[in-house]
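Here, each number is a calculation from the coordinates, and none is a lab measurement. Computed from a prediction, not measured in an experiment: that's the story for all the values here. Neighbour counts run over all protein chains shown; Cβ positions are idealised from the backbone, glycine included.
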Amino acid sequence: MVKDLVILKNITKAYQTGKVIYPVLNGIDLEVKEGDFLAIMGASGSGKSTLLNIIGLLDKPDSGEYFFDGQEVSKLNKKESAYIRNRKIGFVFQAFHLVPWATALENVLLPLLYKDEEITNEDKEKALELLKRLGLEKRINAKPSELSGGEQQRVAIARALINNPRLLLADEPTGNLDSQTTQEVMSIFKELNEKGLTVIIVTHDPEVAKFAKRIKLIKDGVFIKQ
Amino acid sequence: MLIKYKLLWGGLFYKKLRLLLSVIGIIIGVSSLLLMNAFGEAAKIKTLKEIETFGPEIIMVVAGSVRVHGGRAIQTEITTTLKPSDAEALRKIKDIKYLSPVFNGDGVVRYLGNTLTTIINGVNEEYLLLRKFPLLEGRNFLIDEILGYKKVTILGYKVKRELFGEKNAIGEVIRINKLPFRVIGVIGPVGIDASNVDQDDQVLIPWTVAISALYNVDYIRSIYLSVEDISQISAIKERINEILVKRHQVSEKNKDFDIVKAEDILEVKTQTTDLFSNLIKSISILALLTGSIGVTAIMTLSVNERKKEIGIRKSLGAKDKELLFQFLIESVIITITGGLIGIFIGLFSSFILLPLFKYPLVFPWFPILTSAFLTIIFGILAGIYPAYKATKIDPIVLLR
Ligand SMILES: Nc1ncnc2c1ncn2[C@@H]1O[C@H](COP(=O)(O)OP(=O)(O)OP(=O)(O)O)[C@@H](O)[C@H]1O
Ligand SMILES: [Mg+2]
């Protein structure tokens, strides 16, 4: 039997601006098994990113339960969340979010800085191997500003993978890319998933969602029953 | 190994102008602090040096009344009631080491074609010893020359230079207010004393000659005394007062003389230097504050600019503590670099400016250390506070 990696039970989240409260998530239930590839779709402002941030422990739900890798994590403190983010979750963002002054290689190594272990030569080898696998062997010492969007996103993917995460999260990873690069980047996700990595992506684009094994639609803060 | 530090602090050199500005802020703070303290310290030492030439063991009896003003004893009223016999009478006080009647006036001094106006100081053979003036050449007055109305003179250092240059002066005859005087000695450089008189710009002659042949009066202007034992100085001052009040038959309230100790001059003088150094302290604290406000502003800017980086690092699992440490070290590097350069510039400019203003060269280590310490503290606070604020922000907000 395949293990559940993510279990969300009746997750709610609301944002408050001044005195007005905007409910965003109104009771999200979700199960993601190991090896799954899920695409979350929905209109702009429907709460996709909010949900992904909660799954990635970057944000906290207002209520509900969240089991990640068998552990209830919805009430962890900042430090404990940071630990899990660092060891078990890889993030890929629409805007790449690379550190501008660091080279491609340094950006890939960055998560190791927060692992309480020295960065070894093997780590470096591994980073180089990842960059090579993603077709960046010639761009190792380039700064983000010297890289194309697709290259930047591939660096970001390599960075997300450096700690062998259990779960890869991607929030509109192709939102800033042209259609050809989109295909390339999505093939990478697909390949990673085929090698066993659990992937959850958020997207507007049905072409992108096609790469996933299953798609869930969010509306009015809940998943639409299919 | 090295990659770790690159990953932590590589960002420091990313925006070079920003780095430069923050370092300059610190440099200005530290160097101005240092320079001002060097000036304050130098002023203090200058005063102390002046007081040295007017030793604490010296008492001055001045005819008329004296006001101590701005570190100078100024004769505000001149009387003719202080007589040579008063000086003789004071000799009876025990514990007096040296005593000299003094009559001083302006005079024209001339040697061959060189003429200059200087102070003519009529004194006795004890005066040089009393004032601890070093003899550069020649000899002191003999008691017989004083009592025998001999026209001999000892030249101040500058007067000798101006009249004779490098040439020998001893044995030469100069004219003081047209009367011929034989030079018997030259005083070494002394400088300005606590009474603000340039002791190098004077000539000494026997007081007997001064009041008779030169100025034709029967009084003297002051009596200088020095005591054996400084602890006795107040008692002796009291004793002098008693004797003179009695001799002049005046009441305590309308005395026709004044007694001044070096200490009295010192008191006022240190008051003024204290005021000066307090002023300097306030200004330098202001300078430091301006510097650190600058650094705080730039650091805040820098952290704001790097909010995204903080967000990225957080999303990758950086703990608040680790981010604080990163920015702490960044500001420590900036402040220490700026601090060291500031110390260097401060020392260098005091090295140049102090002699320019005729101040002694001093290196005030205490202010150097305090200012270095303070800037580092300020710099750290300036760097850590905005970073601390940034870590409180949600990473998703930072990354938006
Ligand atoms: N920190 C916040 N404070 C207040 N409101 C927020 C905050 N974050 C998100 N929101 C609001 O919550 C709603 C959902 O935002 P979210 O970013 O999850 O939408 P999304 O589905 O990802 O949209 P998009 O497709 O445009 O990225 C939006 O209306 C947004 O304005
Ligand atoms: Mg979104």
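Quick notes on this one:
- Centroid-to-centroid, using Cα positions, segment B:362-400 and segment A:177-195 are 45 Å apart.
- By the equivalent-ellipsoid construction on the alpha carbon gyration tensor, segment B:250-400 comes out with semi-axes of 53, 17, 11 Å, ordered largest to smallest.
- For the protein assembly as shown, pairs of C-alpha atoms spaced more than 49 angstrom apart make up 47 percent of the total.
- Pair-distance profile P(r), taking every C-alpha pair of segment B:80-255, with 10 angstrom steps and integer %: 10, 37, 34, 15, 5, 0
- Put a plus charge on the Cβ of each Lys and Arg, a minus charge on the Cβ of each Asp and Glu, and nothing anywhere else: the dipole of the protein assembly as shown about its Cα centre is then about 1060 debye.
- Number of partner chain Cβ atoms within 10 Å, mean per residue of B:389-395: 2
- Net charge, A:Gly150 excluded, C-beta distance under 12 Å - Lys, Arg +1, Asp, Glu -1: -1
- Across A:Lys9/A:Lys219; A:Lys75/A:Lys219; A:Lys13/A:Lys216, pairs whose alpha-carbon gap is larger than 21 Å: A:Lys75/A:Lys219
- Candidates A:Ala170, A:Ala104, A:Thr182 compared by Cα position along the dipole of chain A: farthest toward the positive end lies A:Ala170, with charges placed on Cβ.
- Rg/Rh for segment A:77-164 stands at 0.96; both radii use Cα atoms, and Rh follows the Kirkwood definition.
- Mean separation of Cα contacts under 8 Å (6+ apart) over length of chain B, as relative contact order %: 29 percent
- The local environment of B:Ile184, defined by Cβ-Cβ distances under 14 Å, has a net charge of 0 under the rule Lys, Arg +1 and Asp, Glu -1.
- Take each residue in B:317-330, count the other chain C-beta atoms within 10 Å of its C-beta, and the mean is 3.
- Descending semi-axes in whole angstrom, ellipsoid equivalent of chain B, from the Cα gyration tensor: 67, 24, 15
- Kyte-Doolittle at least 0.5, axis length at least 15 Å by Cα - qualifying DSSP helices, chain B: B:16-53, B:262-305, B:320-356, B:365-391
- Partners for B:Lys281 among lysines (Cα-Cα distance below 28 Å; same-chain residues under 8 apart left out): B:Lys44, B:Lys46, B:Lys49, B:Lys269, B:Lys358
- Exposure proxy order (Cβ contacts within 10 Å, fewest to most) of B:Ser22, B:Ser251: B:Ser251, B:Ser22
- Centre-to-centre, using Cα atoms only, segment B:287-339 and segment B:211-234 are separated by 69 Å.
- Local electrostatic count, A:Val99, Cβ distance below 10 Å [Lys/Arg +1, Asp/Glu -1]: +3
- Note on chain A: with charges restricted to the Cβ of Lys and Arg (+1) and Asp and Glu (-1), its dipole about the Cα centre is near 360 debye.
- Under a model in which nothing but the beta-carbon of Lys, Arg (+1) and Asp, Glu (-1) is charged, chain B shows a dipole of about 1940 debye around its Cα centre.
- Calculated mean residue ellipticity, 222 nm, the protein assembly as shown: -14500 deg cm²/dmol, from DSSP H runs (n ≥ 4) at -39500 (n - 2.57) each, averaged per residue and rounded to 500.
- Separation of alpha-carbon centers, segment B:144-208 and segment B:75-120, rounded to whole Å: 14 Å
- Number of partner chain Cβ atoms within 10 Å, mean per residue of A:103-110: 3
- Fewest-first sequence of A:Asp59, B:Asp144, B:Asp86 by Cβ atoms within 10 Å of each Cβ: B:Asp144, A:Asp59, B:Asp86
- Evaluated over segment A:4-224, the Cα radius of gyration and Dmax, each in Å: 17.3, 53
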